[in-house]
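The values are calculated or read from the model by the stated rules, or taken from the named source; none is laboratory data. Since the model is a prediction, treat every value here as computed from it, not as a measurement. Note that each Cβ is placed from the backbone with ideal geometry, even for glycine, and that neighbours are counted across all protein chains shown. In case anyone asks, the SASA skips ligands and DNA or RNA and just uses the protein heavy atoms, side chains included. Shrake-Rupley method; radii C 1.70, N 1.55, O 1.52, S 1.80 Å.
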Amino acid sequence: MIKTIATTPYTDQKMGTGGLRKKTKVIMQPNYFENFIQSIFNTIGSLEGKTFVIGGDGRFYNDIAIQKLIKMAVANGAAKLIVGQNGFVSTPAGSNLMLKNHTNGGFVLSASHNPGGENADFGIKYANETGGQVPTSITDKIFQNSKSIKEYKIFEAPDIDLSVIGTQKLGNTIIEIIDPIKDYVEMMENIFDFAALKQLFKKGFTMRFDAMNAVTGPYAQRIFEEILGAPKGSVVHAKPLPDFGGLHPDPNLVYAKELVDFMYSDNAADFGCANDGDGDRNMILGKKFFVTPSDSLAILTDNYQLIPAYKNGIYGVGKSAATSTAVGRVAKAHNIGYYEVPTGWKYFVNLMDSNRITFCGEESFGTGSSHIREKDGIWAILFWLSIIAKTGKSVEEITREHWEKYGRSYYMRFDFEGISTETADDLMQNLENKLPSLSGKEFYGYTVKDAAPFVYKDPVDNSTTKNGLIVYFTDGSRIVYRLSGTGSSGATIRVYLERFSAKDLAKDPRAMLEELSKAAMDIAEIPERTGKHQADVVT
Ligand code: G16
């Protein structure tokens, strides 16, 4: 039976860079989740005849939220729901299901790389028929709707058993419970040369994949261990847990420490990698060697011809403005399109749909291609393994040869966390106001060439987005400042540093960027305004 429930609005349901992301307890407030979902349904109009994909990364509250979501979609008249078995679907697998089944979009319940648990974070990523997260024009409408919502609809019924694969009906809606891994594996087999990868492992190649107790463990076990023949146990932290076993499932040098320590030990595997909570991010390591995400994007792009799905050519490549310019040099050499967009994967969607780009990436450990409309952690790993299989070279050799050919962008990101929203907004406003006066000024040996906000005009829908402030120096170095759009409380200021060297000086990025980081602190008056003399997280 369809029930209409009266509700009162919340005023904080604005989606950020990666959907709606909040403390779990905020989402658990009475009607909070329901209000948000109904606001989406109200915004997109009748659900009649529409099909959605539904899943999540298995974090705490996933099981309860998914039942509510299914029953609300039924009450609102959806024709069909494609649901991952036990409520699990990784973000890239979800995007694939949306595209493959020609759906109207879907929901992945995840706060991505944020920690999970009752005292941690929960989130909702909402995608439309593109298979990618909706543009700001729609998220703005959903937010407006959420501020005046008065009722929501839910179908009254016992919880659905999500453990059994097959089709059932609830109200007038068909509910298809699927194996969320099968279609994803098929897609990967159509992109990469699996025979060559099997050969690689046959020859004794070793890898460690850290799934961080999050959604991709079972995907990785199926692909790398069962299909490609990597030794059993190559995938660690493989069982998805509601609190990720206490891990912070963000694959970077700070949070994937166990993997990093292993890869820098004398027992290291030939290849190390990790994914985040919902499987869209990746980290790549060689023996005692780390590849920055910006370099990874450049290296994958340079090697596209080695992959069967791309060997006939790629349209172009996109990167977020904060990502290093390394891939720009590759795009130039290959004479392909090159686009710089604001932070957030949704900005790549129009570029992919209009055949402007094939590959894209962000410094925040996201890499992907137009096979779907989200970034894809396992795709990036299979790409790296393919390069290794085809060239016979190690991760370090591949990267060093790349620097030899194209020069090296020394790159680091500094995050200043837990700052009050007011302090962070003031800092950014003050910096923006003084940008025009910076030209010609010198900071620790670096002279400012130009400084301006980053403004993006989408070539497809002509919308403009302002995101971050960039200071350019005369030697080609850059500092990018922006506020995070994914935090669940307070504000995070991100500062991105880049320094180009035509030759690899084989130096530690920290040493190469020491003066530039001092300049970054001074220019934005970070110590004076935040009381912080160093970043909380450096990646
Ligand atoms: C962060 C990253 C972005 C990324 C976003 C969403 O956003 O900096 O590059 O697009 O997370 O990523 P995910 O889908 O993995 O959560 P922000 O705004 O916090 O910098």
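Is there any pair linking a residue in the stretch 458-487 that is touching a residue at least 12 places away in the same chain (Cβ under 8 Å) to one that is basic (Lys, Arg) and surrounded by fewer than 17 Cβ atoms within 10 Å (Cβ to Cβ), with Cβ under 6 Å and at least six apart or on different chains, and which?
Note: pairs meeting the criteria are Tyr472/Lys449; Phe473/Lys449; Thr474/Lys449.
Exactly one condition in (1) more than 14 Å from the ligand (Cβ to nearest atom); (2) surrounded by 22 or more Cβ atoms within 10 Å (Cβ to Cβ) is false for Val108; which is it?
Single failed check for Val108: (1).
Has the stretch 123-136 got at least one residue that is away from the ligand (no atom under 16 Å from the Cβ) and of a type in the set (Lys, Arg)?
no
Among (1) in contact with a Lys or Arg (Cβ under 9 Å, 6 or more places away or on another chain); (2) more than 22 Å from Ala274 (Cβ to Cβ); (3) not charged (D, E, K, R), which single condition is Trp345 missing?
So Trp345 meets the others, but not (2).
State yes or no: is Gly318 outside any loop (DSSP other than H, G, I, E, B), within 13 Å of the ligand (Cβ to nearest atom) and within 25 Å of Thr486 (Cα to Cα)?
yes
Among Ala520, Ala491, Ala451, Ala502, which is the only one that is more than 28 Å from Asn114 (Cα to Cα), aliphatic (A, V, I, L, M) and open to solvent by less than 50 Å² (accessible area, probe 1.4 Å)?
None of the others qualify; the one that does is Ala451.
Tell me which of these Glu404 doesn't satisfy, since it passes every other one: (1) open to solvent by 10 Å² or more (accessible area, probe 1.4 Å); (2) assigned to a loop (DSSP other than H, G, I, E, B).
Unmet for Glu404, out of (1) open to solvent by 10 Å² or more (accessible area, probe 1.4 Å); (2) assigned to a loop (DSSP other than H, G, I, E, B): (2).
Would you check if there is a residue in the stretch 391-406 being of a type in the set (Gly, Ala, Ser), without any contact (Cβ under 8 Å) to a residue 60 or more places away in the chain and away from the ligand (no atom under 15 Å from the Cβ)?
yes
For the stretch 240-273, give me each residue that is away from the ligand (no atom under 16 Å from the Cβ), in a loop (DSSP other than H, G, I, E, B) and surrounded by fewer than 22 Cβ atoms within 10 Å (Cβ to Cβ).
Leu241, Pro242, Asp243, Tyr264, Ser265, Asp266, Asn267, Ala268, Ala269, Asp270
Cβ-Cβ distance below 6 Å, separation of 6 or more or different chains: which pairs start in the stretch 274-289 with a residue that is closer than 29 Å to Arg21 by Cα and open to solvent by 10 Å² or more (accessible area, probe 1.4 Å) and end on one that is within 16 Å of the ligand (Cβ to nearest atom) and of a type in the set (Ser, Thr, Tyr)?
Close Cβ pairs satisfying both conditions: none exist.
For the stretch 407-448, enumerate the residues that are part of a helix (DSSP H, G or I) and open to solvent by less than 30 Å² (accessible area, probe 1.4 Å).
Of everything in the stretch 407-448, those that are part of a helix (DSSP H, G or I) and open to solvent by less than 30 Å² (accessible area, probe 1.4 Å) turn out to be Ala424, Leu427, Met428, Leu431, Leu435, Leu438.
Can you run down the residue pairs with Cβ atoms below 7 Å, 6 or more apart or on separate chains, where the first is in the stretch 490-505 and more than 10 Å from Gly476 (Cβ to Cβ) and basic (Lys, Arg) and the partner is within 11 Å of the ligand (Cβ to nearest atom) and part of a loop (DSSP other than H, G, I, E, B)?
Arg494/Ser484
Restricting the search to the stretch 296-313, which residues are assigned to a helix (DSSP H, G or I), touching a residue at least 24 places away in the same chain (Cβ under 8 Å) and away from the ligand (no atom under 16 Å from the Cβ)?
Correct list: Ala298, Ile299, Leu300, Thr301, Asp302, Tyr304, Leu306, Pro308, Ala309, Tyr310.
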